[in-house]
Amino acid sequence: MNDLQWTDRRVAVVTGAGSGIGRATALEFARRGWALALLGRRDDPLRRTAEAAGAPTLVLPVDVTRPADVDTVFQQIGEEFGRIDVLFNNAGSFGPSGRVDEVDFDEWARTLDVNVTGTLVCAASAFRIMREQQPGGGRIINNGSVSARRPRPRSVAYTASKHAVTGITRSIALDGRPFGITATQIDIGNAETELLSGIGAGTGAAQPDGSFRAEPVFPPEHAARMVVDVAELPASTAVHELVITATGMPYDGRG
């Protein structure tokens, strides 16, 4: 943790915080005065995010598919900050590309392990703290995808995993109701991150007719603003689902 004071600041946990939407969201939280716990697989990208944030920050490398390690990390967060106000569950993997009859099942299992099990494990650890802290409650915001609503061609593993995230989000919302814990799913389409660098240029994105075409993209900072806007709503207000896409990207009718 850096030497800035964090007392009385709200606390946000961001997974996958070393790059892309996770990094942009962490920086937006910091800009608005939150204290941060940054989680991800690699230490160096997390530290670069922490340095750019200039906010009270814990850097905690962890593999989100390992429940015991995740629980230990969340215990550290609880001990250091005393509470968790928001978890942005953002870590994820695109997984293998291929038709349903072409998917490598080891890669399929890995994709579900990261996107589904990892989402649940982090949510469960945050939920335990939010349930017991005083004052109780908090928000769990899961990064879904427009693939949770509309598939792309040759993306069955990713699509199935993001549909499962929807089920997790809705279950958290229901289970969290007695404890003041809300759950939101933000479904993001074509944010211009390193992972999607080929969509707006280069080879473009796969289309249902088998072609590849460039699609509109938008800055990840815009999605980050939406996440933090939800995080800063009064506890009396719940946001269940949000969809944000690049203007003009294929959405309805894309699959």
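Would you confirm whether or not segment 31-47 contains a residue that is touching a strand residue (DSSP E or B) at 6+ places or on another chain (Cβ under 7 Å), in a loop (DSSP other than H, G, I, E, B) and over 29 Å from ALA205 (Cβ atoms)? It would help to see each step written out before you state the result.
Step one: filter segment 31-47 for residues touching a strand residue (DSSP E or B) at 6+ places or on another chain (Cβ under 7 Å), giving 34-43, 46-47.
Cutting the leftovers down to in a loop (DSSP other than H, G, I, E, B) gives us 34, 41-42.
Now narrow it down to the ones that are over 29 Å from ALA205 (Cβ atoms): 34.
Yes: one or more hits.
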Legend entry - Filtered residue count, segment 150-176, keeping only those that are touching a strand residue (DSSP E or B) at 6+ places or on another chain (Cβ under 9 Å), of a type outside the set (Val, Ile, Thr) and either in a helix (DSSP H, G or I) or at pLDDT 95 or above (or both): 8
Legend entry - Search result, residues across segment 106-149 that are at pLDDT below 95 and more than 22 Å from VAL13 (Cβ to Cβ): VAL146, SER147, ARG149
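The rows are residues; the columns are (1) buried (at least 24 other Cβ atoms within 10 Å of the Cβ); (2) not hydrophobic (A, V, I, L, M, F, W, C).
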| position | (1), (2) |
| --- | --- |
| GLU80 | no, yes |
| ASN89 | yes, yes |
| GLY98 | no, yes |
| ASP101 | no, yes |
| ARG110 | no, yes |
| VAL116 | no, no |
| THR119 | yes, yes |
| ILE129 | no, no |
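Scanning for something of a type outside the set (A, V, I, L, M, F, W, C), under 15 Å from GLN76 (Cβ atoms), modelled with pLDDT of 95 or more and buried (at least 16 other Cβ atoms within 10 Å of the Cβ), does segment 5-16 turn up at least one residue?
Checked against the condition, which is being of a type outside the set (A, V, I, L, M, F, W, C), under 15 Å from GLN76 (Cβ atoms), modelled with pLDDT of 95 or more and buried (at least 16 other Cβ atoms within 10 Å of the Cβ), segment 5-16 yields at least one hit.
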Legend entry - Scan of segment 38-56 for residues that are farther than 12 Å from GLY18 by Cα and either aliphatic (A, V, I, L, M) or modelled with pLDDT of 95 or more (or both), ordered by number: ALA55
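For every residue, the table says whether it meets (1) surrounded by fewer than 17 Cβ atoms within 10 Å (Cβ to Cβ); (2) hydrophobic (A, V, I, L, M, F, W, C); (3) more than 16 Å from the chain's Cα centre (by Cα).
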{"position": "GLN134", "(1), (2), (3)": "yes, no, yes"}
{"position": "ILE168", "(1), (2), (3)": "no, yes, no"}
{"position": "GLY176", "(1), (2), (3)": "no, no, yes"}
{"position": "ILE181", "(1), (2), (3)": "no, yes, yes"}
Inset, instruction - Could you please tell me which pairs satisfy a Cβ distance under 6 Å, a separation of 6+ or placement on different chains, a first residue in segment 49-64 that is under 11 Å from LEU39 (Cβ atoms), and a second residue that is crowded, with 22+ Cβ neighbours inside 10 Å and among the charged types (D, E, K, R)? - result: THR49/ARG23
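The values are calculated or read from the model by the stated rules, or taken from the named source; none is laboratory data. Since the model is a prediction, treat every value here as computed from it, not as a measurement. Heads up, the Cβs are rebuilt from the backbone with ideal geometry, glycines too, and the neighbour counts pull from every protein chain shown.
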